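Structure record follows, encoded as structure tokens.
The values are calculated or read from the model by the stated rules, or taken from the named source; none is laboratory data. What you see is a predicted model, and the numbers here were worked out from it, not measured in a lab. Here the Cβ positions follow ideal geometry from the backbone for every residue, glycine too, while neighbour counts run over all protein chains shown.
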Amino acid sequence: MPSGVSVEKSAVNGGISCCKTSMQELTSSAHSLRSDYQNAGAGGWNDKQYTALGVIVQECCDALTKPISQLQECQKKLEQLLAAIMEYEGITL
């Protein structure tokens, strides 16, 4: 391992936790935005501006959920790294 490089389980676990939290927050935000938009329509607001807002809301929700697949891949790689660290720490010489 190069000098000055250190990989600790706690740091990798922190990264996994950040991925999970980020995915949950992005999903929750998109859901909340859609829900608020639908509630406005249910409340009687249903004109051209409402329709135009719907397009913007959909674009925002798409943008919010787009990075989720990348975060899932990142989490998967971090979990693999964690498994490798745990295996390495379990080796006795």
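The rows are residues; the columns are (1) more than 30 Å from Y88 (Cβ to Cβ); (2) at pLDDT below 95; (3) surrounded by 12 or more Cβ atoms within 10 Å (Cβ to Cβ).
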residue	(1), (2), (3)
V5	no, yes, no
G15	no, no, yes
T21	no, no, no
G43	yes, yes, no
G54	yes, no, yes
Q58	yes, no, yes
L64	yes, no, yes
### Task
Collect the residues in the range 76-93 that are in contact (Cβ under 8 Å) with a residue 60 or more places away in the chain and closer than 17 Å to C19 by Cβ, keeping them in residue-number order.
L78, E79, L81, L82, I85
### Query
Does the range 5-26 contain any residue that is of a type in the set (D, E), more than 24 Å from the chain's Cα centre (by Cα) and part of a helix (DSSP H, G or I)?
no
